[in-house]
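In what follows, a single structure is set out as structure tokens and then discussed.
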């Protein structure tokens, strides 16, 4: 993992969506496009960093990528319950390159990026098949952490990767690369709070360290 600065993230300088982003979103809008882009990047890095745990394929990665990009689309309607609004908006909006069934999973992953964990008492989750429920839980667990790691919406944490020699059957360690002098206490606090689904799903405690720390 190489060190970098926010200036290297060229997309951070563009607060408006590109035509391609509007295409893949099905026309849905988010309140903070740089945040959506960065959470997507962190989610995909988490997908790779936790591959030995979830053992999911490229199609699953695509579901996570689109859910991460659209997780906050519900903010356009209301902040307090935006995760539920995100679910409904995604569920009801055709997305290019995805079937209706895949779109339902994307909507569920986005729905569980905050607050309550997946539960069969929720109709949207209960309607999924067993394997789809497992996939949604695994991917939502990664999105929850990625979203928390950009809690301040300013890319304080630039990249992440598994610290494999510190990963075992009880703990999964992720090393974080940050912007120089960035204060990340809030990000870490929220990431550990939102690691609840990760730890329930994978039966391991999440351990976050700074790159090159002992």
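FYI, it's all coordinate maths here, none of it is from the lab. Because the structure is a prediction, the values reported are computed rather than measured. We place every Cβ from the backbone using ideal geometry, glycine too, and count neighbours over all the protein chains shown.
Helix-only arithmetic for the chain: the sum of -39500 (n - 2.57) across DSSP H runs with n ≥ 4, divided by the residue total, places the mean residue ellipticity at 222 nm at -14000 deg cm²/dmol. Please work out the C-alpha center-to-center distance from the stretch 81-114 to the stretch 55-74 and express it in whole Å. The stretch 81-114 and the stretch 55-74 have Cα centres separated by 10 Å. Taking label positions 7 Å along the Cα-Cβ direction at both residue 182 and residue 76, the computed distance is 2.8 nm, reported to one decimal.
If you take the square roots of the eigenvalues of the alpha-carbon gyration tensor of the stretch 74-128 and sort them as a ≥ b ≥ c, do you get rounded (a/c under 1.5), prolate (a/b over b/c) or oblate? Since a/c reaches 1.5 but b/c is at least a/b, the shape of the stretch 74-128 is classed as oblate. With a ≥ b ≥ c the root eigenvalues of the C-alpha gyration tensor of the chain, is it rounded (a/c under 1.5), prolate (a/b larger than b/c) or oblate? It comes out oblate by the Cα gyration axes. Of all DSSP beta bridges confined to the chain, the antiparallel ones make up roughly 45%. Here the spin labels are modelled as points 7 Å beyond Cα on the Cα-Cβ line, and at residue 58 and residue 168 they lie 3.6 nm apart.
For the residues 27, 129, 74, a GNM of the chain with alpha-carbon springs under 10 Å puts the largest fluctuation on 129.
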